[in-house]
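Below is one structure; the comments refer to it alone.
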Amino acid sequence: MAKSVKDVLALIKQHDIKMVDFKMVDINGQFRHVTIPAENFSEDTMKSGIGFDASNYGYAVVEKSDMVFIPDPSTAVVDPFCTIPTLSMTGNAMIIDSPENRPLAQYPRNIVLAAQQYMKDSGIADTMLILPEFEFYLFDEVGWEVQGNSIGVSLDAEQSYWNSGVEGKGNVVPKQKAYHIAKPFDRAYECRSEMCMLMRDMGIEINYHHPEVAASGQFEIEPQLGEMTKMADATMMIKYIIHNTALKYGKTATFMPKPIYGEAGSGMHVHMQLFKDGEPVFSDDNGYAHLSETAHYFMGGLLKHIASLCALTNPSTNSFKRLVPGFEAPVTVGYATSNRSAVIRIPAYAKSPDKRRFELRNPDATCNPYFCYAAILMAGLDGIKNKIDPHENGWGPYDMNLYHLPEEEKAKLQGLPTSLPEALDALEADHEYLTAGGVFPEELLGNFIKAKREECRELAAIPHPAEFDKYYNL
């Protein structure tokens, strides 16, 4: 890992690098980039940065929108998808001030760093570890059209059940029966293995990869636990690797939470742990599921603020087509051990004190990971600060299948928002826990809500093909 400009220059020489690529993140959590010839990279580049227009990235700033991007040498990696030898770096956005630049508070990576500092200043912990599970689909073909005379989408995955009657296809997987299925049905094995090897080459350690439930090309890759800022960077790079490796194999990848009607949705379950001075904060041999009182308060904060969190952890209209009863996606605000129908699940297999943790199951990978992880931490810290006990608030533990409860019992349970507008309403009403310590600027949240409301209005105005099925002949 590079630690200085000198180290980056050594990497450039070692790999005969011709171009240096700076990857920046917009408000939606998507990479943008600027590239310079390697011979133009110098110590001054690391100090003065690369100029960019923040307004084009979705950040509405009071200051002038001209900003500078300061690369972080520790993120330097050789980009495997560039034919021309290219070194890639991410970093932080700064406001051009005199005599010194200062962090652009709205920039996603700066928000994660601010949340991390807020945690340290609280004295509760000094490290947060994150483990996101990446579920995604790989399609062999996909196309869509939104025109006045044509609205629709068409996609295909060779192994899908719908190809059982196609001559020469064979080896198809029954609907919802693909979990851990082996070759010859697992058509994307080599593609995923290459993804994982590329991640490892970039310093992202992987636990495993496997086919997921949906028969139409759904898969999962799980990395190892990592420090929150590094895992936010890794999340961006994992998605970058998955998209680009899929393209190499003639496929296309999507992290849409619900791309196929009737098949399982794709989430990004987020496991989390806190440590202080190297000791686990969440472990207690005598607590429920061997979790400490602090861990329960952290869960209480997540559950109290879950509706507003959804605006940041599930920020697409498609997100709420996944968060419906009947699948493994959670819809009930509660916690339990080994229960996938609750929003918070405590894995029973994490038994040693340094492994004990829980996962938030509602997030999906359409989120901006920097906003998502920082918001999760801020909600949890608010729970600890205000001693929000999830059991006393009636949020569990739910050690039963919540989908199979009698209807009168289900009516007593609190549910997640059922739409993005509902989640945005919640964020508008409940965000003081995010702005604590100046971590999330009010300006950013207001701009984010405004942009997402416009997105919702735009999509709500488009006729849906299913509406023709329901209403055309009335």
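The values are calculated or read from the model by the stated rules, or taken from the named source; none is laboratory data. Here the structure is a predicted model, which is why all the values come from computation and not from measurement. Please note: Cβ atoms are built from the backbone with ideal geometry, for glycine as well, and neighbour counts cover all protein chains shown.
Name the residues in the range 177-207 that are over 22 Å from the mean Cα position of the chain (by Cα), surrounded by 15 or more Cβ atoms within 10 Å (Cβ to Cβ) and without any contact (Cβ under 8 Å) to a residue 24 or more places away in the chain, would you?
Answer for the range 177-207, where residues must be over 22 Å from the mean Cα position of the chain (by Cα), surrounded by 15 or more Cβ atoms within 10 Å (Cβ to Cβ) and without any contact (Cβ under 8 Å) to a residue 24 or more places away in the chain: just TYR189.
Condition first: in contact (Cβ under 8 Å) with a residue 12 or more places away in the chain and small (Gly, Ala, Ser). Can you find one or more residues in the range 165-176 that meet it? Let's see the steps before the verdict.
Our first condition is that a residue be in contact (Cβ under 8 Å) with a residue 12 or more places away in the chain; within the range 165-176, this holds for 171-176.
Checking the rest, the ones that are also small (Gly, Ala, Ser) come to none.
No: the range 165-176 contains no residue that is in contact (Cβ under 8 Å) with a residue 12 or more places away in the chain and small (Gly, Ala, Ser).
Filter the range 397-421 down to the residues that are touching a helix residue (DSSP H, G or I) at 6+ places or on another chain (Cβ under 9 Å) and in contact (Cβ under 8 Å) with a residue 60 or more places away in the chain and list them by number.
Across the range 397-421, the qualifying residues are PRO397, LEU402, TYR403, LEU413, GLN414, LEU416, PRO417, THR418, SER419, LEU420.
Residue-by-condition table, conditions (1) at pLDDT 95 or above; (2) surrounded by 14 or more Cβ atoms within 10 Å (Cβ to Cβ); (3) assigned by TED's automatic domain parsing to the domain that holds GLY334; (4) within 19 Å of MET378 (Cα to Cα):
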| position | (1), (2), (3), (4) |
| --- | --- |
| GLU392 | yes, no, yes, no |
| TYR403 | no, yes, yes, no |
| GLU408 | no, no, yes, no |
| ALA411 | no, no, yes, no |
| PRO417 | yes, yes, yes, no |
| PRO421 | yes, yes, yes, no |
| GLU432 | yes, no, yes, yes |
| PRO441 | yes, yes, yes, yes |
| PHE448 | yes, yes, yes, yes |
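Listed here are the residues, each with its yes/no results for (1) buried (at least 23 other Cβ atoms within 10 Å of the Cβ); (2) under 21 Å from the mean Cα position of the chain (by Cα); (3) within 29 Å of LEU113 (Cβ to Cβ).
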residue: GLN218; (1), (2), (3): yes, yes, no
residue: ILE221; (1), (2), (3): no, yes, yes
residue: THR235; (1), (2), (3): yes, yes, yes
residue: THR245; (1), (2), (3): yes, yes, no
residue: LYS251; (1), (2), (3): no, no, no
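Listed here are the residues, each with its yes/no results for (1) of a type outside the set (Gly, Ala, Ser); (2) over 19 Å from VAL333 (Cβ atoms); (3) under 20 Å from the mean Cα position of the chain (by Cα).
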| residue | (1), (2), (3) |
| --- | --- |
| HIS391 | yes, no, no |
| MET400 | yes, no, no |
| GLN414 | yes, no, no |
| LEU427 | yes, no, yes |
| THR435 | yes, yes, no |
| LEU444 | yes, yes, yes |
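Can you name the residue in the range 427-456 that is touching a helix residue (DSSP H, G or I) at 6+ places or on another chain (Cβ under 9 Å) and among the charged types (D, E, K, R) and is also farthest from LYS385 (Cα to Cα) among such residues?
In this case the residue turns out to be GLU455.
How about the range 106-162: which strands (runs of 3 or more DSSP E) wholly inside it have at least 1 residues that are touching a strand residue (DSSP E or B) at 6+ places or on another chain (Cβ under 6 Å) and surrounded by fewer than 18 Cβ atoms within 10 Å (Cβ to Cβ)? Spell out the reasoning first.
Values: elements: 127-132, 134-139, 141-147, 150-156.
Hits in the range 106-162: 127-132, 141-147, 150-156.
List the strands (runs of 3 or more DSSP E) inside the range 312-396, counting only whole elements, that have at least 2 residues being among the aliphatic types (A, V, I, L, M) and touching a Cys at 6+ places or on another chain (Cβ under 7 Å). Steps first, please.
Numbers: elements: 332-337, 342-346, 358-360.
It comes to none.
In the range 113-147, what residues are farther than 30 Å from PRO259 by Cα and of a type in the set (S, T, N, Q)?
Across the range 113-147, the qualifying residues are GLN116, GLN117, SER122, THR127.
With the requirement that a residue be surrounded by fewer than 19 Cβ atoms within 10 Å (Cβ to Cβ), at pLDDT 95 or above and not polar (S, T, N, Q), what does the range 80-101 give you?
Within the range 80-101, PRO80, PHE81, CYS82, ILE84, PRO85 qualify.
Within the range 295-311, does at least one residue satisfy the condition of being in contact with a Lys or Arg (Cβ under 9 Å, 6 or more places away or on another chain), outside the structural domain of GLU212 (by TED's automatic domain parsing) and assigned to a loop (DSSP other than H, G, I, E, B)?
Start the filter on the range 295-311 by keeping residues that are in contact with a Lys or Arg (Cβ under 9 Å, 6 or more places away or on another chain), which leaves 295, 297, 300-301, 311.
With the extra rule that they be outside the structural domain of GLU212 (by TED's automatic domain parsing), the set shrinks to 295, 297, 300-301, 311.
Restricting the remaining residues to those that are assigned to a loop (DSSP other than H, G, I, E, B) gives none.
No, there is no match, as no residue in the range 295-311 is in contact with a Lys or Arg (Cβ under 9 Å, 6 or more places away or on another chain), outside the structural domain of GLU212 (by TED's automatic domain parsing) and assigned to a loop (DSSP other than H, G, I, E, B).
Of everything in the range 254-282, what is under 23 Å from GLU222 (Cα atoms) and in a strand (DSSP E or B)? Give them in sequence order.
Keep residues of the range 254-282 that are under 23 Å from GLU222 (Cα atoms), which gives 254-260, 263-275, 280, 282.
Matches in the range 254-282: THR254, VAL270, HIS271, MET272, GLN273, LEU274, PHE275, PRO280.
In the range 37-53, is there at least one residue being at pLDDT 95 or above, in a strand (DSSP E or B) and not assigned by TED's automatic domain parsing to the domain that holds GLY437?
Yes: the range 37-53 contains one or more residues that are at pLDDT 95 or above, in a strand (DSSP E or B) and not assigned by TED's automatic domain parsing to the domain that holds GLY437.
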